[in-house]
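To keep things clear, I will list the structure first and then write my remarks on it.
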Amino acid sequence: MHKQDHSSFDWAFLFTWIISTSMGWIVGGFLIGGVSLIASGVVIGALQYFVLQHRLRQPRNWLIATVLGWAVASLVLILLNPGQSQFLTGVIIGAISGFAQWLVLRQEIFLSGWWIIVNIVAWTSGLAFLPGFFSTGAVAGVVTGFALELLLRFPKVAAQ
């Protein structure tokens, strides 16, 4: 795991996180049909994996959790969101993908339970309040990036 100076905010991390989340959303959005959300999750997870390579002990688990979280969220949306409410879409994607990613984060950092709430806020904000081809992923990236940069300051390894 990457040792970090806790006295200053890691703006480079935030920037790369926003770019990875935004690009994942955009690339996934190019695919047609019902698989675009799943494709977005795959690309977001893969790009975020590269950002987290030196920050998590097992970043591959992040990729797996993200892909599975988005796949499950997509299936739930097919069943529960026939009207395509963007608010409900954001809540479901945020909750399910956030929970899947939390399963990884809880092994590595304290206060990781906040990650689920942050994801719900991030994806609901991006999809329902500031929607757009470019803005949705950027909004989610800003919100989750700020939170993750702060959470990563409290690794469980340091306390053991």
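The values are calculated or read from the model by the stated rules, or taken from the named source; none is laboratory data. Remember, predicted model here, so these are calculated numbers, not experimental data. Cβ atoms come from the backbone with ideal geometry, glycine included; neighbour counts cover every protein chain shown.
Please specify each residue of segment 2-19 satisfying the condition of being of a type outside the set (Phe, Trp, Tyr) and at pLDDT 70 or above.
Applying the first criterion (of a type outside the set (Phe, Trp, Tyr)) to segment 2-19 yields 2-8, 10, 12, 14, 16, 18-19.
Of everything in segment 2-19, those that are of a type outside the set (Phe, Trp, Tyr) and at pLDDT 70 or above turn out to be Ser7, Ser8, Asp10, Ala12, Leu14, Thr16, Ile18, Ile19.
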Regarding Val121, is this residue within 19 Å of Arg55 (Cα to Cα) and β-branched (Val, Ile, Thr)? no
Could you tell me which residue of segment 60-75 is farthest from Thr144 (Cα to Cα), considering only residues that are of a type outside the set (A, V, I, L, M, F, W, C) and crowded, with 17+ Cβ neighbours inside 10 Å? Ser74
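Enumerate the helices (runs of 4 or more DSSP H) found wholly within segment 112-160, keeping only those where 3 or more residues are crowded, with 16+ Cβ neighbours inside 10 Å.
Qualifying helices (runs of 4 or more DSSP H): 114-124, 135-151.
Taking the condition closer than 27 Å to Ser112 by Cα, touching a residue at least 12 places away in the same chain (Cβ under 8 Å) and either within 16 Å of the chain's Cα centre (by Cα) or part of a loop (DSSP other than H, G, I, E, B) (or both), does Val76 pass?
No, not satisfied.
Could you please find all residues in segment 61-89 being more than 21 Å from Val104 (Cβ to Cβ) and not aromatic (Phe, Trp, Tyr)?
Of everything in segment 61-89, those that are more than 21 Å from Val104 (Cβ to Cβ) and not aromatic (Phe, Trp, Tyr) turn out to be Leu77, Ile78, Leu79, Leu80, Asn81, Pro82, Gly83, Gln84, Ser85, Gln86, Leu88, Thr89.
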